[in-house]
Amino acid sequence: MKIPAIGLAAAALLASGLHQPLSAQIAPQGPHELCRELVRSLEDGAVLGVKRCWTVRFVVEQGDLRMDGEQSSVAVDAPPALTALARLEEKRVETGMFPLVMSPDGLIQPSAGQKNGGTLLEMQEAAAAIITALEPDPAAADAMHSFVAQVAAASAEHLGRIPRDLLYPVPPQGPETIAITLPDGSAGSVTIEQSATAHPETGLLQTARRSVVTRAGLTTSESVETWVLTPTG
């Protein structure tokens with residue numbers, strides 16, 4: 001499959017607001033920066049934020065469009081009780097996400113890095129082991145374990161995977177609410193809402209936002225994931 005230049009057919013698809021398969025075959029030139037920021041509200045009203053960025057390049061190989069990348073920065077904003085975990089997360093290098101290979105319609109192929117590597121703060125078993133090794137005082141240990149349990153329960157399923165249309169976003173269909181049954185048998189819900197902006201000529205990602213609001217009884221928590229792709233060359 002050769003990489004075509006954008007023409008009238010692609011322009012018509014762009015104008016229609018539909019997913020544009022031809023635009024995905026045009027390799028963007030030069031390096032870009034891809035950043036993912038994840039902000040979570042905690043039970044006590046505190047907020048945790050993790051922002052990780054990669055230097056990425058688009059590569060055409062045997063007709064396939066691929067994104068390669070390497071981590072360039074990470075920053076963690078955490079309440080004092082989670083400082084030790086935050087420092088460990090800042091030192092961690094995420095290597096499991098790339099390469100991302102796109103199908104002819106611009107969707108990320110499921111077998112090529114679709115699952116996000118997550119963070120130490122999102123991985124319950126690993127984080128629990130780290131907490132034990134740190135030997136914090138009881139109050140700090142309780143805060144860490146409570147946070148890790150919240151993260152694992154609230155968003156592992158909904159924010160654990162890279163959206164297949166991340167790099168060439170499809171117009172969202174509106175919020176989706178999923179009913180859930182809590183461990184005590186009571187009812188709860190998870191509401192997922194997505195939005196994105198794309199380059200008007202190529203359809204390439206500029207920004208994407210996905211929020212997950214979990215309601216359980218009188219408690220409401222929100223996780224917001226934001227992706228930004230910026231040319232740097």
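The values are calculated or read from the model by the stated rules, or taken from the named source; none is laboratory data. In this text, all values refer to a predicted model and were calculated from it rather than measured experimentally. All Cβ positions, glycine included, derive from the backbone under ideal geometry; neighbour counts span all protein chains shown.
Some points to look at:
- Leading residue by the ranking (surrounded by the most Cβ atoms within 10 Å (Cβ to Cβ)) among those in the range 170-202 that are among the charged types (D, E, K, R) and in a strand (DSSP E or B): 193
- Taking the range 24-114 and the strands (runs of 3 or more DSSP E) fully enclosed by it, the elements with 1 or more residues that are surrounded by fewer than 15 Cβ atoms within 10 Å (Cβ to Cβ) are at 47-61, 64-77.
- Exactly one residue among 12, 81 is over 28 Å from residue 140 (Cα atoms) and either of a type in the set (Phe, Trp, Tyr) or at pLDDT below 80 (or both), and that residue is 12.
- Residues of the range 203-221 that turn out to be touching a residue at least 60 places away in the same chain (Cβ under 8 Å) and crowded, with 16+ Cβ neighbours inside 10 Å, as a count: 4
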